[in-house]
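Quick notes on the structure that follows.
Bear in mind these aren't lab numbers, they're just calculated from the coordinates by the rules spelled out. Just so it is clear, the model here is predicted, and its values are computed rather than measured. We place every Cβ from the backbone using ideal geometry, glycine too, and count neighbours over all the protein chains shown.
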Amino acid sequence: MIRLNKIQKKAVETTDSHLLVMAGAGSGKTRVITSKIIHLIKNKGVPPYAILAITFTNKAADEMKTRVKEVLSSTDMRHLQVRTFHSFGAMLLRSFISHLPPYDSRFTIIDPGDQKKIIKSLAEKAVKTAQINFILQLISSWKNDFLYPDAPFKSFAMYDTGSKEPGYYREWYKKYQDHLLKNNLLDFDDLIALPVQLSQKNSACNDYLKSRWRYVLVDEYQDTNTCQEKIIRLFYQNGATITAVGDDDQSIYSFRGADITNIRCFENNYKKSSVIQLEQNYRSTQSILDAANDVIAHNRRKYQKKLFTRNETGEYPSFTFYYSDREEAAETALEILKANDRGCAFAQTAVFYRTNYQSRLLEENLIQKKIPYQIIGGYKFFERKEIKDIISYLNVLANKRDSLSLQRIINFPPRGIGKKTVTRLINFAADRQLTLMQAFSQSRSCKLLPAKTQRKIDKFSELINKLEKDMQRHSLVGFMKLLLQKTMLFPFYQQLPDKNEANERCENIFQLLEAAGEFAENNKTNSLPQFLEHISLHTAQDEMAQQDTVKLMTVHNAKGLEFDTVFVTGMEENTFPHILSIDDPDETEEERRLFYVAMTRARKNLFLSGAGERKQYGRSKYLFPSRFIREIDRNHFKYYNDISRIDNKENMEDYFVIDQHEYF
DNA sequence: AATCAACCCGAGAAG
DNA sequence: CGGGTTGATT
């Protein structure tokens, strides 16, 4: 057992009862979990088969696997399960979902973009994006609360649905879920909720869960939602020993259903459990921790943790309030260069912001100063059009019932099958209870379409059939190359009139092929369904390359990461805390935790900044420094300046619309 | 079916 | 300001 402190050691060696490890930021929780897995196998003789570790991101899962791999044999590794909640759910469902007809094991996992498309397609007339988002969010929280459309009506009534009746949204939910069932599609929430349903309805599945896992370790427990907690509870009820690791001060995902009371009530919910608090930090300097402790102390807390370290004292963070967002971006880029001159590698530097669009100005400045950078999150690689096109072909081949993907590719690249034809086929399929694919062949005998159009449809069906045969005969990558040619996708993108665009899209296609090759190599498989699952469960952090680039990301994406030098930008009221969280004390506390997460990512240097003017929708907004900055003891700054440099007299008036004295 | 201009409206965070 | 959609035109 490698270098654990006394308290960590106790957490590792407590194996005979349920345990909550309250692990402060940088206190070595990954080390505790991995050490515990190794301890169970090596010292306690627990078969690896009986151990399950659950995380939230692939990156965390991979990290654990890598560390455990150094000690365990490859046979042991094969039997040990280290998975994310979603991949665990998917795994279980691949084996058991046929007990929930009409789903079958070839289901496709859809992303939020697909969800929006589905809602749009189910609407009789145009629906606003905001409305679609609201519907989907409601559906998501219903699923997280384990409510499916067939639940009694009164269960839905307690949800706040604004101006419209809950019944209205329940109708959407019914239509949406019906579409998923017919097309054999699962959304992210289904991956968590359906396993619970299965374990209750299907004895084979329940027996499997019951008999197999005896030790379950959960990472980031503060981020569990009702459904995820229920899964852990299933193991608990079946006699497994639970180790929950997390930090209530880092709970930042309530908007996706995470319930902070899950971790705060662990002691009550899991009988005969104990709690261990890890407060020694191995990441940051004491100066950074001092400032971070100041901030989080402003929250109401059940577990009062105060981080300390034996690392060097280091330097206090700095705070600069710039004149404008442009100045902030330019100066941040300059500071990155200065840090680089002092010996901080670009790869050890990160810039965080509250909202995705804040990356834009930064990017412009980094490009101008020729600083290599990489954005983590935001528009994801697998959501690019050219990639989605290819994946849609693959989806259709893996799941013939997926009419969503089929509609995407039926006339792409263009092959003369227009909207009218597609609408006709969809209606035809609906009338006869056929899948869209089945409608292709049936429409011929029914003479549904003009002969010329039917010929085009036949040709397309033939293409799909041929690809299906090719799939059997080739490796994953080999097959994908063949597909790119036979569908004319690659030639299509290659021949785009805009050469820059053509190059970029082709480059992305090559990257996809590379990813497929890597996947096949790492997992020793050419299975298309497994590759598709891998893609759909891909997370923002997976895009972290080891290149020497500055990393740009939202604070949410920064969780679990660490850098020598960290910049937290946009520290203004209404930006961070976000304007939509400012009226609700609970949400403001969550914003504070978010800032706490941001600060505790830094090992050595922490730069905080804000701007007095920020452009939004092409208009200027005038802002004041964030309350979170004022919560840090003034003595805990190396440099502090909250006065904007007003060098443009025209804007003076705007600044003093609100009396500064009133504000401070 | 493809192209383009006018127009509208919006961006909170993510598996 | 800029992306996405609509509707007119070819």
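Summary of computed values
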quantity	calculated
Segment A:Glu364-A:Asp583, extension gain: residue separation times 0.36 nm, minus the distance between their alpha carbons	75.5 nm
Across A:Lys44/A:Lys210; A:Lys420/A:Lys469; A:Lys302/A:Lys559; A:Lys302/A:Lys551; A:Lys59/A:Lys524, pairs whose alpha-carbon gap is larger than 25 Å	A:Lys420/A:Lys469; A:Lys302/A:Lys551
Order by protection proxy (mean Cβ within 10 Å, highest first), peptides A:265-271, A:292-298, A:579-585, A:591-597	A:591-597, A:292-298, A:265-271, A:579-585
Spin-label pair A:Ser211/A:Asn411, simplified geometry with 7 Å Cα→Cβ offset, distance in nm	5.4
Gap separating the Cα centres of the stretch A:1-78 and the stretch A:87-130, nearest whole Å	34
Electrostatic dipole magnitude of chain A [Cβ: Lys, Arg +1; Asp, Glu -1; Cα centre; debye, to 20]	2840
Cβ charges +1 (Lys, Arg) and -1 (Asp, Glu), total dipole of the stretch A:278-318, debye	380
Translational D in µm²/s for chain A (Stokes-Einstein at 20 °C, 1.002 mPa s, Kirkwood Rh from C-alpha pairs)	78
Rg/Rg_ref, the stretch A:81-231, where Rg_ref = 2.2 N^0.38 Å and atoms are Cα	1.09
Relative contact order for the stretch A:406-510, counting Cα pairs under 8 Å that sit 6 or more residues apart, in percent	22
Helix-only CD estimate at 222 nm, as mean residue ellipticity for chain A, using -39500 (n - 2.57) per DSSP H run (n ≥ 4)	-15000 deg cm²/dmol
The stretch A:109-234: relative contact order as a whole-number percent, Cα under 8 Å and 6+ apart	31
Rg over Rh, two decimals, the stretch A:120-172 (C-alpha only, Kirkwood Rh)	0.95
Inter-centroid distance (Cα atoms) of the stretch A:442-507 relative to the stretch A:264-303, Å	55
14 Å reach of a label modelled at A:Asn574, 7 Å along Cα-to-Cβ, counting backbone N of the stretch A:607-638	A:611-627
Most positive-pole-ward Cα, A:Thr487, A:Pro497, A:His534, against dipole of the stretch A:467-597 from beta carbon charges	A:Thr487
Listed peptides A:302-311, A:320-329, A:508-517 by packing density, highest first (mean Cβ within 10 Å)	A:320-329, A:508-517, A:302-311
Per-pair calculated FRET efficiency, R0 = 35 Å: A:Lys174 and A:Leu434 via Cβ, rounded to 0.05	0.95
Value of relative contact order over the stretch A:1-110, rounded to a whole percent, pairs C-alpha under 8 Å and six or more apart	21
Contour excess over end-to-end distance, with Cα ends at A:Phe381 and A:Glu514 and 0.36 nm allotted per residue	46.6 nm
Theoretical FRET efficiency, 1/(1+(r/R0)^6), r = Cβ-Cβ of A:Asn427 and A:Asn500, R0 56 Å, to 0.05	0.85
Gain in span if fully extended, A:Lys466 to A:Ala151, counting 0.36 nm per residue against the direct Cα distance	109.0 nm
Estimated dipole of the stretch A:299-377 in Debye, rounded to 20 [Cβ of Lys and Arg +1, of Asp and Glu -1, Cα centre]	700
A:Thr75 versus A:Asp458: modelled label distance in nm, points set 7 Å from Cα along the beta carbon direction	5.9
Burial ranking of peptide ranges A:110-116, A:27-33, A:48-54 (average Cβ count within 10 Å, highest at the top)	A:27-33, A:48-54, A:110-116
Options A:Asn206, A:Leu234, A:Val218, ranked by Cα towards positive dipole end of the stretch A:201-245, top entry (Cβ charges)	A:Asn206
Residues in the stretch A:7-33 reached by a label modelled at A:Lys272 [backbone nitrogen below 11 Å; 7 Å Cα→Cβ]	A:16-18
Residues listed by number, the stretch A:587-626, amide nitrogen under 19 Å from A:Lys302 label point at 7 Å toward C-beta	A:587-594
Listed residue (A:Gly28, A:Phe96, A:Met77) projecting farthest to the positive dipole end of the stretch A:9-129, Cβ model	A:Gly28
Computed E for A:Met488/A:Lys164 - FRET, C-beta separation, R0 35 angstrom, nearest 0.05	0.20
DSSP-defined beta bridges in chain A - what % are antiparallel, rounded to 5	10
Restraint check, A:Lys175/A:Lys452; A:Lys174/A:Lys230; A:Lys120/A:Lys486; A:Lys116/A:Lys182, Cα-Cα greater than 26 Å	A:Lys175/A:Lys452; A:Lys120/A:Lys486
Alpha-carbon centroid distance for the pair the stretch A:393-437 / the stretch A:190-263, whole angstrom	38
